[in-house]
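The values are calculated or read from the model by the stated rules, or taken from the named source; none is laboratory data. Keep in mind that this is a model prediction, so the values were computed, not measured. Cβ: placed from backbone, ideal geometry, glycine included. Neighbour counts: every protein chain shown. What goes into the accessible areas is simple: the full protein's heavy atoms, side chains included, and nothing from ligands, DNA or RNA. Shrake-Rupley method; radii C 1.70, N 1.55, O 1.52, S 1.80 Å.
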Amino acid sequence: MQQKDSWLLPDGIEEVLPEEAKHLENLRRELLELFTCWGYGLVIPPFIDFLDSLLTGSGHDLDLQTFKLTDQISGEMLGVRADMTPQVARIDAHNLKYEWPTRLCYVGTILHTRGDPLEKTRSPMQIGAELYGHAGKESDVEVIRLMLEMLARTGLQNIHLDLGHVGIYRALARQAGLTDLQESELFDVLQRKARPELQELMDSYSIDSDLKVMLLKLPELNGGKDILDKARAVLLKANDEVKNALADLEAIAEKLAAHFPFLPVSFDLAELRGYHYHTGMVFAAFIPSVGREIARGGRYDNIGAVFGRARPATGFSADLKLLSSLSKQSCPVAPRELIFAPYSDDLALSEIIRDLRARQQAVVQQLPGQTGSAKELGCTSILEQDNKNWVVRPLV
């Protein structure tokens with residue numbers, strides 16, 4: 001017996017109805033064409049994969065977000081992808097095996113066990129681009145430029161870019177000789193920006209006093225470009241890894257300023273998004289109307305090591321559903337003409353309809369005995385006979 005609420009969907013799982021789906025598909029095609037024009041080749045990884053492949057180098061967070069099941073054929077654990085990047089890394093490392101820089105892009109639905117607190121959805125449509133095989137700042141700049149071009153094509157205004165570098169915290173933790181447990185505890189406190197807890201934690205650690213001061217001041221190192229000068233002073237006794245990371249951030253910001261002179265850029269040296277995943281610079285794009293990043297990325301070198309080839313890698317991703325929703329708000333699309341054709345066995349009418357559709361015009365033909373007028377069907381024009389000729393006229 002069918003239950004009366006069988007139409008309900010699981011929490012965080014959505015259907016996309018015709019108007020939204022049309023807008024979403026148009027944006028998908030436009031953005032993939034943009035990626036193609038930058039030399040990024042489209043790949044389509046599987047929706048379900050071996051669990052080990054999905055979680056390689058991703059850390060605990062992605063493990064918690066991944067739905068798991070047992071393969072009835074192999075007996076192996078499978079997962080429903082919660083992030084496509086590890087799969088794309090496998091394609092680069094194991095399938096393509098190019099020696100030169102490889103540019104790949106992708107788009108597809110991913111599934112999360114839990115939704116984002118601000119977004120609620122558990123089934124984002126992830127779109128992104130990855131650049132493998134180049135370790136320099138130039139590849140970081142390229143993927144950030146591509147991300148910003150993507151957002152521009154989406155029609156979004158007032159983009160703000162946030163830059164960070166997980167290597168700074170990682171290098172300070174190593175320099176301080178923190179244990180894995182201490183590093184994890186400190187990471188958690190920094191993520192939550194819990195400064196009183198940070199002081200208590202530092203008081204409990206037996207580490208060099210200079211390193212305590214540097215770690216305590218890390219959450220204060222956020223703001224405009226002048227924060228890099230402050231960081232150099234605060235982190236004066238840090239090792240060369242930290243100083244090189246600061247130099248990289250400044251060089252990347254300068255290159256971006258040349259391309260986007262009016263782009264607001266800020267720095268947050270305690271921003272550790274993707275800490276277990278990323279190895280260097282991280283970045284995120286924001287707009288005032290959304291309380292979370294609308295696109296994000298960074299460097300994650302050696303992600304392909306488990307697949308047999310450790311290669312430098314950098315890239316970004318976004319939720320196409322979110323971009324489509326924001327795009328629809330900022331750049332409403334004019335409704336497309338829809339032509340209503342009456343039901344008829346007239347072969348001349350059939351040829352006219354076929355010709356219109358071949359020219360990418362939308363035609364819906366009436367069915368015998370159907371309900372619903374041309375206007376109710378959303379049509380804007382109608383095919384009518386005029387002296388035995390079929391002509392398209394505006395629907396009034």
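Below is a table of values for the structure above.
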| item | result |
| --- | --- |
| Contacts under 9 angstrom Cβ, first residue in the stretch 162-173 being over 9 Å from E271 (Cβ atoms), partner in a strand (DSSP E or B) and of a type outside the set (F, W, Y), 6 or more apart | G167/M281; G167/R299 |
| Verdict on H23 being part of a helix (DSSP H, G or I), at pLDDT below 95, open to solvent by 30 Å² or more (accessible area, probe 1.4 Å) and touching a helix residue (DSSP H, G or I) at 6+ places or on another chain (Cβ under 9 Å) | no |
| Where W390 falls short, out of the listed (1) free of Cβ contacts under 8 Å to residues at least 60 places away in the same chain; (2) open to solvent by less than 30 Å² (accessible area, probe 1.4 Å); (3) in contact with a helix residue (DSSP H, G or I) (Cβ under 6 Å, 6 or more places away or on another chain) | (2) |
| Number of the exception - K193 against (1) open to solvent by less than 70 Å² (accessible area, probe 1.4 Å); (2) on the phi > 0 side of the Ramachandran plot | (1) |
| Strands (runs of 3 or more DSSP E) (entirely within the stretch 305-396) containing at least 2 residues that are under 39 Å from the mean Cα position of the chain (by Cα) | 313-319, 338-341, 362-365 |
| Inter-residue pairs, beta-carbon under 7 Å, first within 7 Å of G164 (Cα to Cα) and in the stretch 260-272, second surrounded by fewer than 17 Cβ atoms within 10 Å (Cβ to Cβ) and not aliphatic (A, V, I, L, M), 6+ apart | F267/G223 |
| Verdict on L64 being assigned to a helix (DSSP H, G or I), open to solvent by 70 Å² or more (accessible area, probe 1.4 Å) and either among the aliphatic types (A, V, I, L, M) or touching a Ser or Thr at 6+ places or on another chain (Cβ under 8 Å) (or both) | yes |
| From L367, L356, residue being surrounded by 14 or more Cβ atoms within 10 Å (Cβ to Cβ), over 10 Å from L338 (Cα atoms), hydrophobic (A, V, I, L, M, F, W, C) and without any contact (Cβ under 8 Å) to a residue 40 or more places away in the chain | L356 |
| Elements of type helices (runs of 4 or more DSSP H) contained in the stretch 156-266, each with 3 or more residues being within 28 Å of the chain's Cα centre (by Cα) | 166-176, 180-191, 240-259 |
